[in-house]
Every structure is written in structure tokens, then in C-alpha cells.
1. Return the residues of region 264-279 that are open to solvent by less than 10 Å² (accessible area, probe 1.4 Å) and at pLDDT 95 or above; say none if nothing qualifies.
2. Can you name every residue in region 181-222 that is more than 14 Å from the ligand (Cβ to nearest atom), touching a Lys or Arg at 6+ places or on another chain (Cβ under 9 Å) and within 17 Å of residue 287 (Cβ to Cβ)?
3. Give the residue that is farthest from residue 81 (Cα to Cα), with candidates limited to residues of region 31-61 that are open to solvent by less than 40 Å² (accessible area, probe 1.4 Å) and in a loop (DSSP other than H, G, I, E, B).
4. When only residues in region 233-261 that are within 16 Å of the ligand (Cβ to nearest atom) and of a type outside the set (A, V, I, L, M) count, which is nearest to residue 78 (Cα to Cα)?
5. Pairs please, first residue from region 202-227 and in a loop (DSSP other than H, G, I, E, B) and at pLDDT below 95, second anywhere and open to solvent by 10 Å² or more (accessible area, probe 1.4 Å) and not hydrophobic (A, V, I, L, M, F, W, C), Cβ atoms under 6 Å, 6+ apart in sequence or on different chains.
6. Can you say whether residue 112 is in contact with a helix residue (DSSP H, G or I) (Cβ under 6 Å, 6 or more places away or on another chain), hydroxyl-bearing (Ser, Thr, Tyr) and either surrounded by 17 or more Cβ atoms within 10 Å (Cβ to Cβ) or farther than 16 Å from residue 191 by Cβ (or both), as far as the supplied structure shows?
7. If a residue must be surrounded by fewer than 12 Cβ atoms within 10 Å (Cβ to Cβ) and not hydrophobic (A, V, I, L, M, F, W, C), how many such residues does region 118-145 contain?
8. Can you tell me which of (1) touching a strand residue (DSSP E or B) at 6+ places or on another chain (Cβ under 9 Å); (2) buried (at least 24 other Cβ atoms within 10 Å of the Cβ) is the one residue 69 doesn't meet?
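The values are calculated or read from the model by the stated rules, or taken from the named source; none is laboratory data. Source: prediction; values computed, not measured. Every residue, glycine among them, receives a Cβ derived from its backbone with ideal geometry; neighbour counts consider all protein chains shown. What goes into the accessible areas is simple: the full protein's heavy atoms, side chains included, and nothing from ligands, DNA or RNA. Shrake-Rupley method; radii C 1.70, N 1.55, O 1.52, S 1.80 Å.
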Amino acid sequence: MTKPVIIVHGGAGRWPKTSHKTALEGVSKAAKTGFLALSEGGTALDAVEIAAISMEDNPIFNAGTGSTLNFEGKVEDDAAIMDGDSLRGGGVAMVKGVRNPVRLARFVMERTDHVLIGGSGAEKLASAFKLPRASLRVPRRVRAARQDMHLFKTGRLTVLPRNYRLFRAGLLSLSSDTVGALALDSQRNLAAACSTGGMSLKLPGRIGDTPILGAGLYADNSLGAATATGIGELAMRSTISRVACDLMRTKSAAAAALLTTRMVGAKFGKGIGIITLKRNGQYGAAHNTRNLCWAVQTSDATPVAQMTGKRV
Ligand code: GLY
């Protein structure tokens with residue numbers, strides 16, 4: 001029997017000081033809820049799903065209720081889950097109005113023959129599985145989207161420069177945080193889950209790293225587990241979570257998180273964060289953004305929550 005561990009994050013990026021307390025309480029609660037499941041004999045998969053649901057239901061985080069808005073002011077969520085024992089994974093992309101996208105991702109993994117289902121097809125599946133629907137738009141995100149749109153229209157938003165050119169040509173901020181969880185259960189199985197509203201003002205139909213195995217998350221009992229946050233395009237181009245897991249073949253979880261973040265920063269750019277977990281219970285958290293909101297629980301003690309990990 002192994003001592004269970006859970007590590008969760010509530011997103012990389014720039015967290016305003018006024019949100020720190022609520023966000024740290026949110027990740028602590030998610031870690032605690034997931035850890036409780038582990039200590040009662042639940043699997044790593046159960047724990048990461050429960051922890052991700054806790055953060056999806058907390059409007060401070062950009063996932064589920066509280067998701068950021070796309071260019072048309074709508075919420076389109078992505079989520080995924082992966083089992084490190086069987087290497088099975090499931091994801092959903094561009095889903096509207098599903099209260100807990102990570103639950104739907106688990107259904108995709110366990111009840112269909114597919115790995116990733118998007119848009120209306122995923123929403124039909126949510127109805128078939130009788131998953132709760134909800135309005136996920138919250139006033140804070142509507143205000144943030146208005147501010148971002150103003151910056152965007154006046155050319156003062158420096159991210160997504162190509163989208164700005166499309167906009168200027170008449171064809172057409174960004175915050176991009178995410179929630180994620182990794183767990184190790186008493187049977188020494190690893191699992192990963194993540195969920196997000198994506199980037200604020202993203203183009204409708206844009207899918208980020210979160211539902212993509214290898215990019216937003218990866219879990220393999222023989223290597224480790226990892227889940228990323230930040231600008232999804234960087235995570236997809238670098239297959240960041242798979243790279244971090246490969247590094248854990250020979251490196252510690254902390255070194256894998258640090259080296260991967262450093263590599264992504266050097267080759268692809270800033271705007272990324274990652275958490276990692278190994279089968280020996282070691283964990284890591286690194287980012288090249290101002291903050292990374294995360295929490296870990298390794299024993300029955302109170303979870304430890306922080307606004308920064310190893311900053312690159
Ligand atoms: N990492 C979340 C996203 O870019 O969609």
C-alpha cells in the first residue's frame with residue numbers, strides 16, 4: 001500500500017492580489033476533497049475527477065462555472081481525464097452549458113470507443129448521460145471580457161497578434177488559466193484531470209491543450225503524471241505534459257516540471273505552468289508566468305497552498 005498524494009492547480013497567469021485568498025482557499029478545498037476520496041479507498045481517477053469538479057463549481061476558477069468568454073461572449077469548455085494504469089483517456093472540447101465538463105470527459109473515456117468528442121456531439125452525450133446543465137457565465141467574466149475587448153479593439157492587447165490582424169481586416173486578452181489535478185492512490189496508480197474555459201476572447205471553435213492527451217495532461221504509471229496550464233497553443237506545440245512525463249523516467253518530479261517549463265519558455269515562449277507527480281509520491285510545480293495557484297496534500301494534514309511554484 002502506498003501513501004496517497006494529490007496535487008491540484010487553479011491556473012497559471014497573473015492572479016490579482018485581491019483574488020489570492022479565495023483562489024488559495026479554492027485549491028485547498030479541491031485538494032482536501034480529492035484526498036478524502038483517496039483516504040477512503042477511492043482510486044486516483046475518482047480523486048482527480050472530484051478535485052476538478054470542486055474547482056469547476058468554484059467561480060473563481062476558469063473552468064465550469066466561472067469560465068472565461070470567447071470572442072462572441074459565450075462559454076466553450078474543454079476538459080480531459082487520463083488513467084495512468086490503462087493509459088486510457090477521454091476528453092471533451094467546445095462544450096456549452098455542461099456544468100461539469102470533466103465528468104463528461106470521464107464518460108467519454110469509460111463509456112465510448114473514443115478519446116475526444118467536441119461541440120454538439122459532446123453536448124448530446126451529456127444529455128444522454130443526464131449530466132446537469134447550467135449557465136456558466138458569471139458577472140466577473142463578463143466584465144473582464146468587456147475590458148479585454150476594449151484593449152483588443154484599441155490594439156493594446158499584445159497576445160494573439162494574428163487574431164488582431166484578422167480583426168483589423170474585418171474578419172473578426174487574454175486570460176488563460178485552467179484547473180488541473182494529479183493523484184496517486186494507495187494501489188500506486190496515477191491519474192490526471194484538467195478543465196478550462198480556455199482563453200478569454202478566443203475565436204469560437206478554438207480548442208486548447210486541455211482536452212488533448214500529451215498536451216494538457218498525461219498519466220502513465222511507468223513514468224509519472226503531469227498537467228499543464230497557461231497558453232494552450234504553447235502546450236500543444238511542445239506536447240508539454242508528455243515531455244514532462246518522459247523526463248520523470250530519470251528525473252525527479254520537481255526537476256521534470258522545472259526543465260519542461262524552461263524548455264517551453266526558451267523554444268516556444270512564456271505563458272505556461274505545470275504540475276507533476278511521480279509514483280514514489282514526489283511532486284513538482286513550475287511556471288514562467290507571474291503566478292501559479294496550486295495546492296498539495298500528502299498526508300492527513302491540512303493541504304499546503306501557494307501562489308507560486310518554481311518560477312523560471
Ligand atoms: N490552457 C488552457 C487553454 O489554453 O485553453
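1. Of everything in region 264-279, those that are open to solvent by less than 10 Å² (accessible area, probe 1.4 Å) and at pLDDT 95 or above turn out to be 264, 273, 274, 275, 276, 277.
2. The answer is none; no residue qualifies.
3. Among those residues, the one meeting the criterion is 60.
4. Per the criteria, the residue is 233.
5. Pairs found: 204/72.
6. no
7. Of the residues in that region, 8 qualify.
8. (1)
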